[in-house]
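Here is the structure we will look at.
The values are calculated or read from the model by the stated rules, or taken from the named source; none is laboratory data. These numbers were taken from a predicted model, which means no experiment stands behind them. Quick reminder, even Gly has a Cβ in these numbers, built from the backbone with ideal geometry, and neighbours come from all protein chains shown.
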Amino acid sequence: MKEQQRTHEVDLSLDAPSAYLFTGEICTRAYRLNKFAFDFKYAAVRERFARDAEALMTEYALSEREKALVRARDWTGLVASGGHHFNVIKIAAAVGESHLHVGAHMCGADWDEFKRTLPRAIDLMPQDLG
């Protein structure tokens, strides 16, 4: 398989904007978002999200900005808004993306670019299985 040329360098640094401050105060301000995402550990919540994401987000009293970030699958925006990364990954998993996809988004890379930066070759993801 021929490696494609990168359109830009993948930012793997821990400097802003690749890293976001997460404090108790920030987490508290984003409580509704984190509660919403945390509850994705329950199958019933994931099923409700698949059926009617808007109703579920309204039930959890997400702000319009938070709803827009979830709709856009803006993992970076959710973390920057105070979402704990482990919670954001729960939402990503519910829509068929992995923590690696979240990492790619946070580095400003598409999946194929990010995949090439990993220490081991990743050729197959669970969604690629029959």
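Sort through ALA94, ALA80, ALA53 and tell me the only one that's among the small types (Gly, Ala, Ser), surrounded by 15 or more Cβ atoms within 10 Å (Cβ to Cβ) and within 25 Å of GLY24 (Cβ to Cβ).
Numbers: ALA94 fails: within 25 Å of GLY24 (Cβ to Cβ); ALA53 fails: within 25 Å of GLY24 (Cβ to Cβ).
Just a single option satisfies the conditions, and that option is ALA80.
Quick one: would you say ALA121 is among the hydrophobic types (A, V, I, L, M, F, W, C), modelled with pLDDT under 80, buried (at least 16 other Cβ atoms within 10 Å of the Cβ) and not in a helix (DSSP H, G or I)? Give the derivation first.
Details: among the hydrophobic types (A, V, I, L, M, F, W, C): yes; modelled with pLDDT under 80: yes; buried (at least 16 other Cβ atoms within 10 Å of the Cβ): no; not in a helix (DSSP H, G or I): yes.
In short, no.
Among ASN34, ASN87, which is of a type outside the set (Asp, Glu) and either more than 29 Å from PRO119 (Cα to Cα) or modelled with pLDDT of 95 or more (or both)?
Values: ASN87 fails: either more than 29 Å from PRO119 (Cα to Cα) or modelled with pLDDT of 95 or more (or both).
On inspection, the qualifying residue turns out to be ASN34.
Kindly provide the set of residues from region 24-50 that are among the small types (Gly, Ala, Ser), surrounded by 13 or more Cβ atoms within 10 Å (Cβ to Cβ) and under 15 Å from ALA92 (Cα atoms), ordered by number.
Let us first name the residues in region 24-50 that are among the small types (Gly, Ala, Ser), namely 24, 30, 37, 43-44, 50.
Still in the list and also surrounded by 13 or more Cβ atoms within 10 Å (Cβ to Cβ): 30, 37.
The answer is ALA37, and nothing else.
Give me the pairs: first residue in region 27-41 and on the phi < 0 side of the Ramachandran plot, second residue in a helix (DSSP H, G or I) and small (Gly, Ala, Ser), beta-carbon distance under 6 Å, and six or more apart or on different chains, which are they?
Listed pairs, sorted by first residue: PHE40/ALA94.
Please verify whether GLY103 is under 9 Å from the mean Cα position of the chain (by Cα) and crowded, with 16+ Cβ neighbours inside 10 Å, treating the condition exactly as stated. It would help to see each step written out before you state the result.
Values: under 9 Å from the mean Cα position of the chain (by Cα): yes; crowded, with 16+ Cβ neighbours inside 10 Å: yes.
So GLY103 fits the description; yes.
What pairs come out if I take residues in region 102-129 that are more than 17 Å from HIS85 (Cα to Cα) and of a type in the set (Val, Ile, Thr) and pair them with residues that are assigned to a loop (DSSP other than H, G, I, E, B) and at pLDDT below 65 whose C-beta lies under 6 Å away, six or more apart or interchain?
As it stands, the answer is THR117/VAL10, since those pairs meet every condition given.
Name the residue that is farthest from GLY103 (Cα to Cα), counting only residues in region 36-84 that are in a helix (DSSP H, G or I) and of a type in the set (Ser, Thr, Tyr). Can you show your working first?
Applying the first criterion (in a helix (DSSP H, G or I)) to region 36-84 yields 36-41, 43-59, 64-71, 75-80.
Going one step further and asking which of them are of a type in the set (Ser, Thr, Tyr), we end up with 58, 76.
On the way: THR58: 27, THR76: 9 Å.
Checked region 36-84; the qualifying residue farthest from GLY103 (Cα to Cα) is THR58.
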